[in-house]
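As structure tokens, the structure follows; a few thoughts come after it.
The values are calculated or read from the model by the stated rules, or taken from the named source; none is laboratory data. Here the structure is a predicted model, which means the values were calculated and not measured. We place every Cβ from the backbone using ideal geometry, glycine too, and count neighbours over all the protein chains shown. Note: accessible area is taken over every heavy atom of the protein model, side chains too, but ligands, DNA and RNA are not part of it. Shrake-Rupley method; radii C 1.70, N 1.55, O 1.52, S 1.80 Å.
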Amino acid sequence: MSDIKQAPEGLEVARTLDAKGLSCPMPLLRTKKEIGKINSGEILEVLGTDPGSRNDIPGWCARAGHEYLGEREDEGFIRFYVKKK
Amino acid sequence: MSESIMKDKIKDFFKVLCQTEWNATVAGIIVALLSILIMAWWRPWGAVGAIRNWGEWILYGIGIFDHKPGELLFNSGSVIGIGFLAGAFISACLGNDFSFKFPPPWEFVKAIIAGILMGIGSAFAGGCNVGGMYNAIGNLAANGFTMWLGLVIGIVLGLKYIYWEMEHITWGTTGGKNFDFPYGLKIIIGILSGIALIWGAYHYAGMSDDYAASLSGILLISAGLGYTMQRGRWCMVQAFREPHMTGDCTLAKSVALSILVLAIGCAVLKYAVPQRGSAVAVKSTVISALEDIDLDEIQDEDLADTLEDIQDAGQAAVKGAERVLDPVNYVRGTFGWGGVLGGFLFGLGAMFAGGCGSGTLWRVGEGQMKLWLVVPFFGISNAIMTKWFKAIHMEGTGPTHVGSKLGMHLYLPDALGYGGTILLIVLAMAAWYIIVDWNEDSNKLIVEM
């Protein structure tokens, strides 16, 4: 995997998914389900702790056509940002 | 100027070695090479041997099992598990992946179900995804293919279950916690663990007992496997699941290639070592020379005794050298319904767990508490099943599993020759590769949410 993509600051988030503590494949499956609840162009924020998500979420975005905006480290978890196609 | 470039290059080197996720193909080939090496050293590796040994200790500790299980630090299966965990832990520390990850409560319930299913499944299949499938095909054993088939079915059904669960179960699905540590501390602990590992290997190597001394290599090669798998997040259940979940076939291709490399390496060892190894050399020179001597005709008693000892030692050496690479070993009597059912139950369990036998262990090494709970239940259920199966001769008797109720004991080269066996494995892995690759574009095999 290439270098980690940092998300820009101050993104306007339509929905937040708490996937903290969940392990593979749950964070990605929940993300897949949650994205169905927002509109095209809106942003989904995923809070996760599984190191595998760093690869899974951008990989899935590329496959499904959503835009992966990047991640931001927080205290003990990572925030991932996905813009729905 | 050049000094600062050097500094950057060293930093980059550390990053590549310890921080970035390794490419799946590279990880798969390293796993195959280490699997061949550990076999050449002594024996193929597996995850369930360790997990069962630990389960036996729990059952012995609470008074259910009467017999003391194999020593944790002197049972080769358990040492494989310890080395593997240590390698994964070191990788997770150096790469800043380690933290205590506590999932929401429902995940703990799934962990218990997962452990029980995986324990039962690996008893039917004669091993987990490693010993029953990966290393089984690698050891040219037919039972690896029946477990492979069962795994596909179990994992697809498990995926359907997870979709159902996401719609219907709301209790305990949020509220996970993560306890992290400063990265600097993790690097120090990682380095200290590496030093402890090397010290342990030297300690084994210095023991006078041959069995104990051989554990040195077992410990280090297993640690290499754990390190590689954690760094590459190389997960066999993902290889089976992803083509049906997202269509991604990266890991499936990598596992197919890895099995092929492993099988070729093992075929070389199994074919060539008995041909050219020391056993044959001893047999054709020392033993045949000694057999020509009639010990009764020798007047000197001491000399006669010495010659007799040499004869015995020679025969023991031949037996020892042939033991590990003997085709009879590591082929199980589960080529049949046992392998399919075992693979199915194991695959279903692995979907509940979020990791197979090896994937569970390396996730334990990165602090995933759900998988910490999977291991004892996996171990206990497998220990009980294995004991019961032994009592009723479920897998038959003797090294060739005569009368196994689970299926056939078939060493593929006995049926197809070495060439035919390798051809079969090439074709099977190529078919898997092409199908998942085709599915990545066509999405025909994806199970919709």
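Taking each residue as 0.36 nm, the span from B:K7 to B:D296 lengthens on full extension beyond its C-alpha to C-alpha distance by 96.6 nm.
Measuring how big the protein assembly as shown is from its alpha-carbon positions, Rg and Dmax come out at 25.2, 100 Å.
Rolling a 1.4 Å probe over the heavy atoms of the protein chains gives the protein assembly as shown an accessible area of 44 Å² per residue.
For the stretch B:1-137, the relative contact order works out to 27 percent when only alpha carbon pairs closer than 8 Å and six or more residues apart are counted. Placing a label point 7 Å from the Cα of B:A415 along the Cα-to-Cβ direction, the residues of the stretch B:131-155 whose backbone N falls under 15 Å from that point are B:137-149. Computed over protein heavy atoms with a 1.4 Å probe, the carbon and sulfur contribution to the accessible area of chain A reaches 43%. Taking every alpha-carbon pair within the stretch B:153-247, the share separated by more than 17 Å comes to 72 percent.
Helical content of the protein assembly as shown, expressed as a calculated mean residue ellipticity at 222 nm, amounts to -21000 deg cm²/dmol (DSSP H runs of 4 or more residues, -39,500 (n - 2.57) each, divided by residue number, nearest 500).
Relative to the longest principal axis of the Cα atoms of chain B, helix B:76-94 runs at roughly 40 degrees. Computed from protein heavy atoms with a 1.4 Å probe, the total accessible area buried between B and A is close to 2500 Å².
Diffusion of chain B by Stokes-Einstein, at 4 °C in a medium of 1.567 mPa s and with Rh set to the Kirkwood radius over alpha-carbon pairs, works out to 55 µm²/s.
Shielding of peptide B:175-183 by partners, expressed as the average count of other chain Cβ atoms within 10 Å per residue Cβ, is 4.
Measuring with a 1.4 angstrom probe and ignoring ligands and nucleic acids, B:L94 comes out at about 20 Å² accessible. Under the combined filter of DSSP loop state and at most 12 neighbouring Cβ atoms within 10 Å, the stretch A:1-47 retains these GluC sites (Glu not before Pro): A:E9, A:E12.
Rounded to the nearest 10 degrees, the angle from helix B:250-276 to the longest Cα principal axis of chain B is 0 degrees.
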